[in-house]
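Peer 1: I'd like to ask some things about the structure below.
Every read-out reported here was derived from the displayed coordinates using simple, explicitly stated rules and does not represent laboratory data. Small disclaimer: the values here were computed from a predicted structure and weren't measured. Positions of Cβ are generated from backbone atoms using ideal geometry, with glycine treated the same way; all protein chains shown enter the neighbour counts.
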Amino acid sequence: MASQGRRVRRLALNTFTDFDYTGVGLTDPTVTGVFAPDGRHADDLATLLDEVTVRSRALAPVRARATGELAATQS
């Protein structure tokens, strides 16, 4: 996907510093920690999530058309 002059934002989260494992039995692989991003990621994470929201809303008509076409071919 071309960014059309906009920088594509990347954010690296760490399982050790961005998740809280307090009270979690780490021996059970099905149990996960609580997402608690480190403060240094707060601004970048908020911006990234805002961009994802904007892009998903912009693509909603494309998804609706694609799903409608798919449903029509399955009828």
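Peer 1: Assuming R0 = 25 Å, what is the FRET efficiency of LEU26 and THR47, from their Cβ-Cβ distance, to the nearest 0.05? Let's see the in-between values first.
Peer 2: Details: r = 32 Å, r/R0 = 1.27.
According to the calculation, E is roughly 0.20.
Peer 1: In sequence order, what are the phi-derived ³J(HN,Hα) couplings for the stretch 36-44 according to the Karplus relation 6.51 cos²θ - 1.76 cosθ + 1.60 with θ = phi - 60°, rounded to whole Hz, with x for glycine and proline?
Peer 2: 9, x, 4, x, 5, 9, 4, 5, 5
Peer 1: What does the extension gain come out to for VAL62 and VAL34, with contour length at 0.36 nm per residue minus their alpha carbon separation?
Peer 2: Values: separation 28, 0.36 × 28 = 10.08 nm, distance 3.38 nm.
Additional length available on full extension: 6.7 nm.
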